[in-house]
Amino acid sequence: MSGQQHQDSTTDVVRWAAFCCVLVPVVLLWYGTSLAGATGTALGLAAVTAACRVLLRRSERGADRLLAEEHASHTPSRGRRHRSGTGSHRGGRHSGGNTPGG
């Protein structure tokens, strides 16, 4: 997904959540819940929605950054090639071990 598609899907999710933040308290009032209870529910849902929105936006930025880094790593670069990990140092003396003649 591109950055624009991420933003569109996040915007849709946030819109539905905001709609639910309004709808749920209305339904609670309809079924006889107190105004204070419905207000508390609305505030709680709004807080959860805001936190989820922040996390979704942060996740989108991280995914976009990761894709950009991945794209950059696939472009050929000039310079020295570095070896790392096991087998990077060839030759030399090895201590111990069961080698023939050792």
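The values are calculated or read from the model by the stated rules, or taken from the named source; none is laboratory data. Just so you know, these numbers come straight off a predicted model, no measurement behind them. Using ideal geometry, Cβ is built from the backbone for each residue, glycine included, and neighbour counts are taken over all protein chains shown.
Exactly one residue among THR86, THR99, THR11 is at pLDDT below 90, more than 33 Å from the chain's Cα centre (by Cα) and loosely packed, with under 14 Cβ neighbours inside 10 Å, and that residue is THR99. Residues in segment 24-35 that are exposed (fewer than 11 other Cβ atoms within 10 Å of the Cβ) and part of a loop (DSSP other than H, G, I, E, B): TYR31, GLY32, SER34. Does ALA38 qualify as being modelled with pLDDT under 90 and surrounded by 13 or more Cβ atoms within 10 Å (Cβ to Cβ)? So ALA38 fails the test.
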